[in-house]
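Please treat every number below as a calculation from the coordinates, not as lab data. What you see is a predicted model, and the numbers here were worked out from it, not measured in a lab. Positions of Cβ are backbone-derived with ideal geometry, glycine not excepted, and every protein chain shown enters the neighbour counts.
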Amino acid sequence: MKKTFGIVFAFILGIMFIYLTYTILNILVTLIREKKKDKTLIFCFSLKGKIFYIVITVLYFVMIGLGVYMFINGLKNNDVLVWLNGIVLPTLYTLLFSMQLANIVLIGKKHMMVGRLAIDYRKMKKVDFNYHNEMTFVFSQHNYKFSTRWLDIPILRRAITRRS
């Protein structure tokens, strides 16, 4: 019974890990494509944001490597708990990493990008920076909100007010 539950749980977590990795790759490919189209796009990180994203990216690869090591070691030693942890650890960290990666902001001359969303400055309405480290705005009749915790807010404000 326990072994069957472990296999089903591992299968579900494996599918979740594959999906989250797909979303991370999708965001990265979109960022690369948009940077090729618009050469003026630059990242809008503060110093803390640069350090934060470098650390979580390095930790992402460390967690993947540690998960593979634990998975192989658990299979070799026939220890179900170790190989399950080898799947759980990278899956949970991939979830956190993908959520943070969706908040990356790039600023260009004509538009900005938030994660995968390319936004024209002229079509942004009701832009608001609140005290909860969030920016809200209306774009194409939809409300959007993203975290500005790791962003350089004066550069972001200057870019939005100059072009809108």
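Computed over every Cα-Cα pair of the stretch 58-136 and binned at 5 Å starting from 0, the pair-distance distribution P(r) comes out as 3, 13, 15, 15, 11, 9, 9, 8, 7, 5, 3, 1, 0 percent. Charges on Cβ only, +1 for Lys and Arg, -1 for Asp and Glu, centred on the Cα centroid of the stretch 2-106; of VAL29, ILE12, TYR53, which one is farthest towards the dipole's positive end? So the residue furthest toward the plus end is VAL29. Note on the stretch 107-163: Rg/Rh from Cα positions, Kirkwood definition for Rh, rounded to two decimals, is 0.91.
The value of relative contact order for the stretch 107-163, using C-alpha pairs under 8 Å at least six residues apart, is 26 percent.
Calculate, in whole percent, how much of the Cα-Cα pair population of the stretch 1-91 lies beyond 22 Å.
Result: 45 percent of Cα pairs exceed 22 Å.
Go ahead and collect, in residue order, the members of the stretch 19-61 whose backbone nitrogen is under 16 Å from a label point 7 Å along the Cα-Cβ direction of LEU92. Residues passing the 16 Å test: 60.
Its residues counted as N, the chain yields a C-alpha radius of gyration over 2.2 N^0.38 Å of 1.29.
Between TYR144 and LEU117, the simple label model (points 7 Å from Cα in the Cβ direction) yields a spacing of 0.5 nm. Once you reduce the stretch 46-75 and the stretch 143-160 to the center of their Cα atoms, the two points are 27 Å from each other. In a reduced charge model with +1 at each Lys and Arg Cβ and -1 at each Asp and Glu Cβ, the chain shows a dipole moment near 840 debye about its Cα centre.
What do you get for the angle between helix 153-163 and the principal long axis of the chain? Use alpha-carbon atoms, 0 to 90 degrees, nearest ten. With rounding to tens, the tilt is 50 degrees. Excluding same-chain neighbours fewer than eight residues apart, the lysines reachable from LYS35 by a Cα-Cα span under 22 Å are LYS50, LYS109, LYS110, LYS123.
For the chain, the longest principal axis of the alpha carbon atoms and the long axis of helix 47-76 meet at an angle near 20°. Annotation: extensible slack from ASN85 through LEU47 equals 10.3 nm (criterion: 0.36 nm per residue apart, minus Cα-Cα distance). Dividing the summed -39500 (n - 2.57) terms of all DSSP H runs of n ≥ 4 by the residue count of the chain sets its mean residue ellipticity at 222 nm at -21500 deg cm²/dmol. Projecting the Cα positions of PHE146, GLY67, LEU84 onto the charge dipole of the stretch 65-164 (unit charges on Cβ atoms of Lys, Arg, Asp and Glu, taken about the Cα centre) puts PHE146 furthest along the positive direction. Against the longest principal axis of the chain, how steep is helix 2-37, in degrees 0 to 90 to the nearest 10, with axes from Cα atoms? That works out to roughly 30 degrees.
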